[in-house]
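I have placed the structure first, in the form of structure tokens, so that the comments after it can refer back to it.
The values are calculated or read from the model by the stated rules, or taken from the named source; none is laboratory data. Remember, it's a predicted structure, so these values are computed and weren't measured experimentally. Don't worry about glycine lacking a Cβ; one is built from the backbone with ideal geometry, like all the others, and counts go over all protein chains shown.
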Amino acid sequence: MKKKLVLASILAGALTVATACSNSSETTSSEDTNEKTEATETKAKEEKSTESKSLDKPSSSKEEKKNKESETTVMNPEIKKTLASAKLEVIYENKTPNINVNLDGFKFDLKQYQVVHVTDANPADFGEQEEGYIVTVKANVDNQSKGNAYFNLPDLQGQDQFDRHLTKRSFTNGNMLRPKMKSTVDEPAHYKKGETETGLFEYILTKEEYEKLQNANTKLLIPNAASNKEQTEHLGESQTVDFPLSEGNAKAQETSSSEFYKDNIVNNNVADKELLKANEEINQTQKSSKVDVTLDGIQFVKLNPTESYKNEFTSFDGEDVVAATVKLTIKNNTNAEIPLRQFSTFLATDKVQFLDQGTLSADSGEIKPGQTGEKYLVYLMKGKSDYEATNNFKFRITHITDGNGDDLLDKEMSFDISK
């Protein structure tokens with residue numbers, strides 16, 4: 001687990017297809033048939049037969065129109081211009097991704113995105129191959145923070161957190177999402193207070209890369225913004241959101257997102273989850289002078305590690321690996337922001353006590369005074385020896401510390417949990 005824990009700590013224009021009209025030869029044939037009312041029954045049958053055969057074999061004008069319509073579906077016009085001799089096909093499009101992130105007033109809204117399959121391309125554009133894929137994203141930023149905002153475009157995460165794909169500029173030079181100002185050596189480009197911009201960014205994938213990603217739990221890694229050029233003063237917290245690249249995987253990710261708690265097992269694609277038991281309506285609250293803590297629920301899942309983690313879950317004596325994820329809601333009763341990073345907790349049975357796995361846990365970031373935030377704590381156990389051996393657990397919180405290291409609890413909190 002050491003290797004995994006260290007590594008884990010690193011941290012669509014609208015689709016408009018013109019409705020094809022009947023070709024001129026078909027229309028003329030239809031009109032002639034209506035006008036020649038004195039035609040014999042035999043001749044009418046012959047004309048009908050001829051019409052049927054012409055429909056079976058599309059004319060070249062139909063083929064040209066079909067190709068033209070296919071091109072009009074490509075969201076980024078620079079792709080068609082730059083790859084004029086290549087064949088383009090939109091194979092997946094998401095017009096309503098519903099990705100809206102507020103980073104302490106700096107708003108990033110993803111409007112739509114699409115995947116374009118390119119063939120007969122210049123090999124230099126796609127890893128020395130004549131085939132590749134372009135993922136084009138349209139997004140809007142609105143800097144409603146208190147000052148300047150420095151923001152880097154998101155990365156694309158593939159099979160796990162080590163499979164990263166950075167944004168490219170090959171086909172978005174003229175309409176790329178970026179600040180109005182140009183970057184200099186002394187002053188990196190940033191969004192000024194009140195500035196709003198809409199534009200595109202892209203990811204370019206080889207055939208092999210896309211074939212791996214189309215069935216993976218792909219994510220978009222949205223970084224925090226910053227109020228200074230050194231990017232040490234954060235605006236909001238980085239977020240990981242689902243970003244499927246195929247129709248089939250979109251359905252799978254939607255099901256997974258609605259079923260499982262958003263810990264870093266899910267966020268970083270550490271393992272696939274298989275639900276064993278869930279108690280999601282516990283809703284027990286304990287209060288102290290500085291924070292109120294509500295135990296919302298718990299999920300027990302069997303883990304099937306992804307490729308990068310298959311050799312990291314080896315201390316379970318050949319038994320299934322079970323993860324228990326506890327969901328908490330914390331209310332800030334102080335006059336200062338509270339980070340959700342420093343928790344000391346245990347999940348225990350009558351025989352064994354489990355420590356929370358910090359790098360597999362996740363939270364919603366700092367909590368403003370009077371507001372609430374979410375925390376997901378993860379505990380690993382053996383399937384038969386630990387999980388199946390009991391129905392009752394005790395969840396304990398011994399410390400929650402603020403940014404200065406001071407304890408926010410008046411006393412230890414303890415909750416009884418049953419499967």
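Annotations
- Within the stretch 335-348, considering residues that are at pLDDT 95 or above and in contact with an Asp or Glu (Cβ under 8 Å, 6 or more places away or on another chain), the one surrounded by the most Cβ atoms within 10 Å (Cβ to Cβ): LEU347
- Residue that is farthest from TYR191 (Cα to Cα) [pool: residues in the stretch 84-133 that are acidic (Asp, Glu) and assigned to a strand (DSSP E or B)]: GLU131
- PHE354 vs. criteria surrounded by 15 or more Cβ atoms within 10 Å (Cβ to Cβ), outside any strand (DSSP E or B) and over 29 Å from the mean Cα position of the chain (by Cα): no
- Residues of the stretch 321-351 satisfying the condition of being within 28 Å of the chain's Cα centre (by Cα) and not β-branched (Val, Ile, Thr): ALA323, ALA324, LYS327, LEU328, LYS331, GLU337, PRO339, LEU340, ARG341, GLN342, PHE343
- Among (1) modelled with pLDDT of 95 or more; (2) surrounded by fewer than 14 Cβ atoms within 10 Å (Cβ to Cβ); (3) not acidic (Asp, Glu) - the single one PHE260 does not satisfy: (2)
- Test for TYR191: is it in contact with a strand residue (DSSP E or B) (Cβ under 8 Å, 6 or more places away or on another chain), among the aromatic types (Phe, Trp, Tyr) and under 15 Å from PHE151 (Cβ atoms): yes
- Residue list for the stretch 363-388, restricted to those being hydrophobic (A, V, I, L, M, F, W, C) and modelled with pLDDT under 95: ILE367
- Out of PRO244, PRO188, PRO179, PRO223, sole residue that is within 16 Å of PHE106 (Cβ to Cβ), within 21 Å of the chain's Cα centre (by Cα) and in the same structural domain as ASN148 (by TED's automatic domain parsing): PRO223
- Residue within the stretch 371-393 that is part of a loop (DSSP other than H, G, I, E, B), touching a Gly at 6+ places or on another chain (Cβ under 8 Å) and either surrounded by 14 or more Cβ atoms within 10 Å (Cβ to Cβ) or of a type outside the set (Lys, Arg) (or both) present: no
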